[in-house]
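Report on one structure; see the data block that follows.
The values are calculated or read from the model by the stated rules, or taken from the named source; none is laboratory data. Being a predicted model, the structure only gives us computed values, none of them experimental. Here the Cβ positions follow ideal geometry from the backbone for every residue, glycine too, while neighbour counts run over all protein chains shown. Just so you know, the surface numbers come from the protein's heavy atoms only, side chains and all, with ligands and any DNA or RNA stripped out. Shrake-Rupley method; radii C 1.70, N 1.55, O 1.52, S 1.80 Å.
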Amino acid sequence: MDSVMHLLDVVMASPWLYLVVLTVVAIDSVLPVMPGETVVITAGAYAVVQSSPEAWWLLAATVAGALIGDVTAHHLGRRAGPLAQRLRRFQAGEKLFAWAERGLLGRGGMLIVGARFIPGGRTATSLASGMVRYPRWRFVAWALLAGSAWAIYNVGIGMIGGLAFRDQPLLGVLLGVGFALLVGLIIERVRTSRAASGDRSPGVVLPEA
């Protein structure tokens, strides 16, 4: 265990850490298989346990990674035009696109910001925004806001955990990751409930099954 802690201390003190954080967060935004939240929260905890990483540079790297990843996913969605047309020929595909268009065009900004806090949800929303041709620069603006809020939130959780458990930073990391996952689950449940309420309201007409 001591060797693991020593290795983690060395990694967190490396000047290459910021590039690692940027890369992991960017990939996680496109392919939700990388531990984006975990890496950022861990680095945030060590920002108060030792002199490196520096919190402001960590925040900048996290925001940059989130923005690059989200914009990349949006661009991939735009490039999937022929695939989108094929999917829309099917009833289930048309329903999916109707939901995406209704959500993004009706409350696109809040949907993009909220989805950033849901692992996998941010990828699906960014891809869908490209497929339904959501305005590119409007998406970039909302993605920057979403990435900044997400970065402040995760770095902040890590720093709070580091302050609370200076002698056991990994405990602070575990609690921080657990809290982040819980918040993501709550946001998703609220979003799902609101979507269900909207679908049942008289003003929304769903295509028949």
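Miscellaneous remarks
- Any hit, segment 85-99, residues being open to solvent by 10 Å² or more (accessible area, probe 1.4 Å) and either closer than 23 Å to VAL155 by Cα or at pLDDT 85 or above (or both): no
- Any pair with Cβ under 7 angstrom, 6 or more apart, that starts in segment 12-38 at a residue that is open to solvent by 20 Å² or more (accessible area, probe 1.4 Å) and ends at one that is polar (S, T, N, Q) and modelled with pLDDT of 85 or more: VAL30/THR72; VAL30/THR123; PRO32/THR123; GLU37/ASN154
- Among the residues of segment 128-141, the ones that are surrounded by 22 or more Cβ atoms within 10 Å (Cβ to Cβ), under 16 Å from the mean Cα position of the chain (by Cα) and not small (Gly, Ala, Ser) come to 1 in all.
- Summed over segment 106-127, residues that are open to solvent by 50 Å² or more (accessible area, probe 1.4 Å) and in contact (Cβ under 8 Å) with a residue 60 or more places away in the chain total 1.
- Within segment 150-165, being closer than 17 Å to VAL21 by Cβ and not β-branched (Val, Ile, Thr) holds for TRP150, ALA151, TYR153, ASN154, GLY156, GLY158, MET159, GLY161, GLY162.
- Test: residue in segment 58-79 that is in contact with a Lys or Arg (Cβ under 8 Å, 6 or more places away or on another chain), open to solvent by 20 Å² or more (accessible area, probe 1.4 Å) and at pLDDT 85 or above: yes
- Subset of segment 142-170 [at pLDDT below 70, surrounded by fewer than 17 Cβ atoms within 10 Å (Cβ to Cβ) and in a helix (DSSP H, G or I)]: LEU170
- Consider segment 37-63 and keep the residues that are under 12 Å from the mean Cα position of the chain (by Cα) and of a type outside the set (Ser, Thr, Tyr). The one that is nearest to VAL140 (Cα to Cα) is VAL63.
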